[in-house]
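> Before we start, here is the structure in question, set down as structure tokens.
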Amino acid sequence: MAVENLRTRLSAMMFVEFFIWGAWAVTLGTYLGRTLQFSGQQIGLIYGTTAIAAIVSPLFVGFVADRHFASEPVFSALHLAGGILLYFASEVTEFTGLYVLLLLYSLCYMPTLAVANGIGFRHLPDPDRQFPLIRVLGTIGWIVAGLVVGYLGVEDRNVPLKIAAGMSLLLAIYGLMLPHTPPKPSQGKQTIGQMLGLDAFSLLRDRSFLVLFVSSVLISIPLAFYYNFTNLFLNELGVANAAGKMTMGQMSEVLFMLLMPLLFRRMGVKWMIAVGMLAWTLRYALFAYGDVDTATIWMLYVGIVLHGICYDFFFVAGQIYANGKAPESLKNSVQAMMTLGTYGVGMFIGSLVSGRIVSSFTSPDGVKDWETDLADPGLDGAHRAAAVCVHVPRRPKQALVR
């Protein structure tokens, strides 16, 4: 009974943790582009706030959650501050103020991802088998958030930010009820690097771990296109209830998350990660050639559904692998380091690149013939690939980002 109670508490934590992110992040690009009239570069910079926070979070988690304070009060305090900041952000409509508030919010939220994983890994008796079953509730939380926002029809308003703010305050209260997770006692005198959690980077001396870390950074660069602009892209194509349709990706994620314990035994972590990377390539090709008003609409839906394989086979498998490699005293720090590589360095580069590319491939009148762009002999390889990733079908309509 105690084990079942533990699973329920951790599952509820994951549900709300990812409900918060899913409520505001998916539709923010549409709100910024359509309602506030922000440019592609401005949208990319705002999405990049989470990446900056992810770069900083390993230092915070290593110093606070691993070394000096119990995880659950840190988790609650961060969500309390985050909820307040997110509410104020929902009331701001000019770029500088919104950027600063969302940066401060991200600095509060991003460390909680690693802390939540650390709490789960610390208390589960068999994390390799049990963690996917806990983490899947996070995906369900993201799905529910998307369905709620889509049902309310508020994708181009500030309401999702307010919903996320309220749920963040709720999680701040619930966090105090999580299992007590004290810091691990230090062994002897600590160096500055150990105090900040930088000793987690010693795992990069392991060749397999180094390959995983570098691959995680690289695959996160094109991931920024999906996170930052897919909702706006689908709305511009004329997809009804785009936020709700995008939850099909998380539904797929739930299925594959539940299958992960079996797939781990059958495929092994290396093959799972390789399949995940191939799925990313396929989904962008499908988005590039799919369209609402033609027989290729199925490509858009398949591209969304592939999110389950893309995310679970790469990111969740990587988290489990990293946990197995980490010594007991560095579990939180290693999870934070993986967050730094994926949602930090990779997504930051991707946010800057995606914002510039979306702005470059947006015409003032909203008419864009992407096939003409591809035929331009002066177009270099990077911009040619970008034209495929972010094309707007060739018919008059609103600009992708004004």
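> Kindly provide the set of residues from region 213-228 that are over 13 Å from the mean Cα position of the chain (by Cα) and either aromatic (Phe, Trp, Tyr) or on the phi > 0 side of the Ramachandran plot (or both), ordered by number.
Matches in region 213-228: Phe213 only.
> Ok, one more. For region 62-108, name all the residues that are at pLDDT 95 or above and among the β-branched types (Val, Ile, Thr).
Ile84, Val92, Thr93, Thr96, Val100
> For Leu232, indicate whether it is farther than 18 Å from Leu282 by Cα, surrounded by fewer than 23 Cβ atoms within 10 Å (Cβ to Cβ), at pLDDT below 90 and not hydroxyl-bearing (Ser, Thr, Tyr).
No: the conditions fail for Leu232.
> State all residues of region 1-41 that are touching a residue at least 24 places away in the same chain (Cβ under 8 Å) and charged (D, E, K, R); if no residue qualifies, say none.
Arg7, Arg9, Glu17, Arg34, listed by residue number.
> Which pairs have Cβ atoms under 8 Å, sit 6 or more apart or on different chains, and link a residue in region 54-74 that is in a helix (DSSP H, G or I) to one that is at pLDDT 65 or above and of a type in the set (Phe, Trp, Tyr)?
Between residues of region 54-74 that are in a helix (DSSP H, G or I) and residues that are at pLDDT 65 or above and of a type in the set (Phe, Trp, Tyr), the close pairs are Ala54/Tyr343; Ala54/Phe348; Ile55/Phe348.
> Of all residues in region 335-349, which are closer than 12 Å to Pro111 by Cα and β-branched (Val, Ile, Thr)?
Thr339, the sole residue that qualifies.
> I would also like to ask the following. Does Lys245 satisfy the criteria of being closer than 24 Å to Val149 by Cα, of a type in the set (D, E, K, R) and part of a helix (DSSP H, G or I)?
Against the criterion (closer than 24 Å to Val149 by Cα, of a type in the set (D, E, K, R) and part of a helix (DSSP H, G or I)), Lys245 qualifies.
> Next up: Restricting to region 83-106, and then to whatever is farther than 20 Å from Gly22 by Cα and among the polar types (S, T, N, Q), can you tell me which residue is surrounded by the fewest Cβ atoms within 10 Å (Cβ to Cβ)?
The qualifying residue surrounded by the fewest Cβ atoms within 10 Å (Cβ to Cβ) is Thr96.
> Another question, if that's okay. Restrict the check to region 282-293 and report whether at least one residue is at pLDDT 85 or above, in contact with a Cys (Cβ under 7 Å, 6 or more places away or on another chain) and under 23 Å from Leu133 (Cβ atoms).
no
Per-residue answers, yes or no, for (1) under 30 Å from Pro125 (Cα atoms); (2) part of a helix (DSSP H, G or I):
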site	(1), (2)
Leu6	yes, yes
Ser11	yes, yes
Val16	yes, yes
Ile20	yes, yes
Thr30	no, yes
Gln37	no, no
Gln42	no, yes
Ile46	no, yes
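> Okay, next question. Only one of (1) within 30 Å of Leu237 (Cβ to Cβ); (2) surrounded by fewer than 19 Cβ atoms within 10 Å (Cβ to Cβ); (3) at pLDDT below 90; (4) not acidic (Asp, Glu) is not met by Val26, so which one is it?
Just one mismatch for Val26, condition (2).
> Picking from Ser186, Ser252, which residue would you name as being modelled with pLDDT of 85 or more and not hydrophobic (A, V, I, L, M, F, W, C)?
Ser252
> Filter region 86-97 down to residues that are touching a residue at least 24 places away in the same chain (Cβ under 8 Å), touching a helix residue (DSSP H, G or I) at 6+ places or on another chain (Cβ under 7 Å) and not small (Gly, Ala, Ser), then give me how many there are.
Qualifying residue count for the region: 3.
> Shifting gears a bit: In region 32-49, how many are surrounded by fewer than 24 Cβ atoms within 10 Å (Cβ to Cβ), among the hydroxyl-bearing types (Ser, Thr, Tyr) and in contact with a helix residue (DSSP H, G or I) (Cβ under 9 Å, 6 or more places away or on another chain)?
Here the count works out to 2.
The values are calculated or read from the model by the stated rules, or taken from the named source; none is laboratory data. Owing to the predicted nature of the structure, the values given are computational and were not obtained by experimental measurement. No Cβ is skipped: glycine too gets one built from the backbone with ideal geometry, and neighbour counts run over all protein chains shown.
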